[in-house]
Ligand code: C2O
């Protein structure tokens, strides 16, 4: 294995989309940012230099960071942010992982434009567990706002109301021609007839789950969140913010141009950016002015399409890649996830109230000292370890909500013994409205052992859990008006953030952290922090 060095300069860059320009925060002046390539077992050193007026931090989403929480990146959770003019070297080893992941800013709303792909290839000489593709493409999906995204969220926090939705979705940085800017061209994927290509799809959007499809071509799903799955064929991929999906596409046409479309999925009565981003699969020999074969994206509320995709996901669970599902449970947790309303006397537009989000009625408050630093150096008064294992009020979570379900605020963590096993059921509540929440856990991969609609039933539902080949991932949807159950082993000491990967929900407080104690063995404790760790 090798040591790979990267330099990420965080700089402002004037960027034109939708026929208008604005300065955006970027890495190395690019949107999306550069792809980080490595192989399984490599050590990666990324020097991040902050040249902008904002504090920044970068998260390597899905990299397990075994014992190296200092390199995980969420601001005020594992590190203080890198201040203007300062730098920090993220130093981590990619242990036992290969596949597609993403990196993104983990502070404020900077990840709108500060994000990019992580491609971890298998160890040299180790093949994929499927026929080698002729070529691979990284395909990053995201959102574009005409206005400044920091202004968008700050305005919403002041008013107490939901922020504006984005003005377009993007495929590798480009929305494609839209009515607001018909002259704008989209991204092109150049292909030859009769080959198999692998697309490494990444949803780096702030707030939107997306459908992805290609006119006239089936997609074979082979991996999600850098874990191999049993291959299956589909017309449409569903991908939530923070998730990644590798698909194989066979170019079974002679020539021509085919539309690639990314469109929103939202099955709740909530405003969403309705724009479809387009790109082109361009066969060699097709003239650039030849017509493009079109496709119709699923309607935004196509729950059945979404469910069919989600229910098809199974771990590969082969001899080489066994699904190591914990079969016993030390910690059995039940978390409600959802939005609610709290009083806010200063919120004029919100009529004296504001939208908040919570887990088990706790709206997480960001500390001003990083939790991992407080834990490692025994600094008291930063967090408490009383995060509730179950909700304080039991009610019909998916029925008529009780009035007056105010949340309390706090910086609470849930403590886990080293190597203990966890079963966590996450139940969506419909207090404002049912809504799907893609929940991301830092520091671990987990198994999605069960999923259902309505209220979770602790007597009957566990009997239906898949403990053989459940999908392994790092970001999973607690479905709209339903629940999802995950299992994982707490084999990574440190402090690990868990939150909804819809950035607006994170901002509102749909987040918490697990504190995993050190074990007793020689390689079972958090390593000491690097000397350049930023100070708050
Ligand atoms: Cu991809 Cu805590 O985020």
Tabulated pairs, region 481-508, first under 14 Å from residue 72 (Cα atoms), second part of a helix (DSSP H, G or I) and away from the ligand (no atom under 16 Å from the Cβ), C-beta under 7 angstrom, 6+ apart or interchain: 495/375
One residue from 322, 326, 392 being under 30 Å from residue 158 (Cβ atoms) and part of a loop (DSSP other than H, G, I, E, B): 392
Filter pass, residue 152 being part of a strand (DSSP E or B) and not assigned by TED's automatic domain parsing to the domain that holds residue 445: no
When residues of region 511-526 are limited to those that are in a loop (DSSP other than H, G, I, E, B) and under 26 Å from the mean Cα position of the chain (by Cα), the one nearest to the ligand (Cβ to nearest atom): 526
Test result for residue 75, farther than 30 Å from residue 127 by Cβ, within 14 Å of the ligand (Cβ to nearest atom) and crowded, with 23+ Cβ neighbours inside 10 Å: yes
Residue within region 502-510 that is in the same structural domain as residue 355 (by TED's automatic domain parsing), within 12 Å of the ligand (Cβ to nearest atom), within 21 Å of residue 90 (Cα to Cα) and touching a helix residue (DSSP H, G or I) at 6+ places or on another chain (Cβ under 9 Å) present: no
Residue match in region 457-464 (condition: within 22 Å of the chain's Cα centre (by Cα) and more than 25 Å from residue 227 (Cα to Cα)): no
Qualifying residue in region 105-118 (condition: in a loop (DSSP other than H, G, I, E, B), surrounded by fewer than 24 Cβ atoms within 10 Å (Cβ to Cβ) and within 16 Å of the ligand (Cβ to nearest atom)): yes
Number of positions in region 320-356 that are closer than 29 Å to residue 407 by Cα and either exposed (fewer than 14 other Cβ atoms within 10 Å of the Cβ) or at pLDDT below 95 (or both): 19
From the options 46, 25, residue that is under 21 Å from the mean Cα position of the chain (by Cα), under 28 Å from residue 508 (Cα atoms) and more than 13 Å from the ligand (Cβ to nearest atom): 25
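The values are calculated or read from the model by the stated rules, or taken from the named source; none is laboratory data. What you are looking at is a predicted structure, and each value in this text was computed from that prediction instead of being measured. Neighbour counts are summed over all protein chains in view; Cβ atoms, including those assigned to glycine, are modelled from backbone coordinates with ideal geometry.
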